[in-house]
Amino acid sequence: MDTADGGEGFDGLRVCDCTRCPALVESRSQIVNGVGPSDASLLFVGEGPGATEDEQGEPFVGRSGDVLEEALSAAGVSREAIRITNCVRCRPPENRDPKAEELQNCRGYLETEIETVGPDLLVTLGKVPSQHLLDRSVAITKEAGSIVETRLGGAPRRVLLSMHPAATLYDRSQREPFFETIAEAAAIAGMADDDSHNGQSRLGEF
Ligand code: SF4
């Protein structure tokens, strides 16, 4: 669980220049850093940039980002209020999973970002970030919605495991549990809007 050494143009949140993963340097258009407040209560962690993220330079844009934004909105939370980042900041070729070595290369940046932001709760979006942060195998369909305590960014942290929002696009039945997990995250972080905007009450609208 090393932390980044501050080299390669890293200010604690944004990496400006990094060539640690040769294959990803080849496949990326740009480095995709986390976005959102540097003191956010909720920090979402995804796997890595896909094609749209690589093009726009922002995590969770495109269809998956739309689903996440809908779920946040249903929970009464604006996307601008939360921070989103990824385990690796450069797009893997052919959208393959990041390799263990690449995850490890980028780990220090993520650890330091977690330490800098100091969120009340981390939310892992999908199997890869869940396994990476917990350093164990995760059956995400069974464990989504559960909270695990682990040491990240130099301190004990609560981590809420969630399926990837794209899962709801492939399997509509995953939509309700995903929305419920995001509503749970908002409630734990004290961000839920009780004025009829909680995830349960608005689920029927989507
Ligand atoms: S994925 Fe992370 S460690 Fe690898 S080149 Fe990109 S910024 Fe550097």
* To do: Would you please list the contacts, defined by Cβ atoms under 8 Å and residues six or more apart or on different chains, that run from a residue in the range 23-46 that is among the charged types (D, E, K, R) to a residue that is more than 10 Å from the ligand (Cβ to nearest atom) and part of a helix (DSSP H, G or I)?
  => Glu26/Pro93; Arg28/Asp54; Asp39/Val117
* **Conditions (1) in contact (Cβ under 8 Å) with a residue 60 or more places away in the chain; (2) part of a strand (DSSP E or B); (3) not small (Gly, Ala, Ser); number of the one not met by Pro165** => (2)
* Asked: Looking at this structure, is Arg96 farther than 21 Å from Leu161 by Cα and buried (at least 22 other Cβ atoms within 10 Å of the Cβ)?
  -> no
* To do: Report yes if some residue within the range 121-128 is under 18 Å from Ile31 (Cα atoms), touching a residue at least 24 places away in the same chain (Cβ under 8 Å) and hydroxyl-bearing (Ser, Thr, Tyr); otherwise report no.
  => no
* Any chance Val159 is touching a residue at least 60 places away in the same chain (Cβ under 8 Å), closer than 22 Å to Gln174 by Cα and more than 12 Å from the ligand (Cβ to nearest atom) -> no
* **Residue check, Leu103 of a type in the set (A, V, I, L, M) and surrounded by 23 or more Cβ atoms within 10 Å (Cβ to Cβ)** => no
* To do: Evaluate the range 5-28: report whether one residue or more is within 16 Å of the ligand (Cβ to nearest atom) and within 16 Å of the chain's Cα centre (by Cα).
  => yes
* To do: Would you be able to tell me the number of residues in the range 11-29 that are touching a Pro at 6+ places or on another chain (Cβ under 9 Å), surrounded by fewer than 15 Cβ atoms within 10 Å (Cβ to Cβ) and aliphatic (A, V, I, L, M)?
  => 0
* Asked: Hey, does the range 59-71 have a residue that's out of contact with any Pro (no Cβ under 6 Å at 6 or more places or on another chain) and within 15 Å of the ligand (Cβ to nearest atom)?
  -> yes
* State yes or no: is Thr52 more than 24 Å from Met191 (Cβ to Cβ), β-branched (Val, Ile, Thr), more than 16 Å from the ligand (Cβ to nearest atom) and out of contact with any helix residue (DSSP H, G or I) (no Cβ under 6 Å at 6 or more places or on another chain)? => no
* Which members of the range 64-93 meet the condition of being surrounded by fewer than 21 Cβ atoms within 10 Å (Cβ to Cβ) and farther than 28 Å from Asp120 by Cβ? -> Pro93
* Mind listing just one residue for me: the one in the range 73-130 that is within 15 Å of the ligand (Cβ to nearest atom) and of a type in the set (Asp, Glu) and, of those, modelled with the lowest pLDDT? => Asp97
* To do: With respect to Glu149, determine if the residue is surrounded by fewer than 14 Cβ atoms within 10 Å (Cβ to Cβ), away from the ligand (no atom under 16 Å from the Cβ) and within 16 Å of the chain's Cα centre (by Cα).
  => no
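The values are calculated or read from the model by the stated rules, or taken from the named source; none is laboratory data. Quantities reported herein were computed from a predicted structural model and do not represent experimental measurements. Please note: Cβ atoms are built from the backbone with ideal geometry, for glycine as well, and neighbour counts cover all protein chains shown.
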